[in-house]
1. Just want to confirm a number: the relative contact order over the chain, from Cα pairs under 8 angstrom separated by 6+ residues, in percent.
2. Could you state the angle between the C-alpha long axis of helix 181-199 and the longest principal axis of the C-alpha atoms of the chain, as a value from 0 to 90 degrees rounded to the nearest 10?
3. Restricting attention to segment 171-204, which trypsin sites (Lys or Arg not before Pro) occupy a DSSP loop and are surrounded by at most 16 other Cβ atoms within 10 Å?
4. Pairing the Cα long axis of helix 51-65 with the longest principal axis of the chain, what angle in degrees results, from 0 to 90 and rounded to the nearest 10?
5. For the pair THR163 and ASP50, what calculated FRET efficiency results from E = 1/(1 + (r/R0)^6), where r is the Cβ-Cβ distance and R0 = 25 Å, to the nearest 0.05?
6. Using only Cα atoms, tell me the angle between helix 11-23 and the longest principal axis of the chain; keep it within 0 to 90° and round to the nearest 10.
7. Grab the Cα-Cα distance for SER198 and THR177, subtract it from 0.36 nm times how many residues apart they are, and report the gain in nm with one decimal.
8. Aspartates and glutamates within cross-link reach of LYS31: Cα-Cα under 17 Å, excluding same-chain residues under 8 positions apart?
Amino acid sequence: MILNIGNILSQEQLIRIRSAVDQASFADGRKTAGWHARLVKQNEQMITGDTTMDALRQEVLEHLQNHPVFQMAVRPHRITPLVFSRYRDGMTYGNHVDDPIMGQGPGRLRTDVSFTVFLDDPEDYDGGELVTDTTADEQTYKLPAGAAIVYPSSTLHRVEPVTRGERRVAIGWAQSTIRDPAQREVLFDLDTARRQLSKAGKNP
């Protein structure tokens, strides 16, 4: 199940986050990629260790985790620290699948669900679409600032080259309490139906 979730962040939050991101230090994104992704990854990732940016990471993560649709769709058990990344002129990320295991030692987790929180509005940059390749064919996503997309980490996907402006996002991965994506989708559909019945005044 691939799902778009709107209104994760407010306009006020987006302005603050984008301003802070502009002042942060970035490094070549290939330094944190797996061996296969490193061959097709051309972006930049924010260097960790800045207390201000760590607080912003936590702020974005808390808003995402507290969103009821995210909870229903992902059912997160553990989530990686968020990564702020950016794509400028010519930057891209070719077809790849996210690593099934991330982290080291006690912090290692199984990546069941990947997610991207968009920080820039679609009209502010050209290109940069997230493209997923599934049995239902390719689908393209370029969401409004403050919205997020979640999808199984086993999904083949890419980011198209940015040809104008800057694409800034916060990305992360979750280990779900429900490992099987089909089972997560069934539970999501059941929860959605129950909420609709409740709103209609019927006893689910």
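1. Working: 398 pairs, mean separation 56.6, N = 204.
Computed over the chain, the figure is 28 percent.
2. Roughly 60 degrees between the two axes.
3. The qualifying sites are ARG179, LYS202.
4. So the inclination is approximately 30 degrees.
5. Calculated transfer efficiency: 0.25.
6. The angle comes out near 30 degrees.
7. Working: separation 21, 0.36 × 21 = 7.56 nm, distance 2.51 nm.
The SER198-THR177 span can extend by a further 5.1 nm.
8. GLU44, ASP98, ASP99
Coordinate-derived values only; no laboratory data. All of these numbers come straight from a predicted model, not from anything done at the bench. Here the Cβ is made from the backbone with ideal geometry for all residues, glycine too, and neighbour counts use every protein chain on show.
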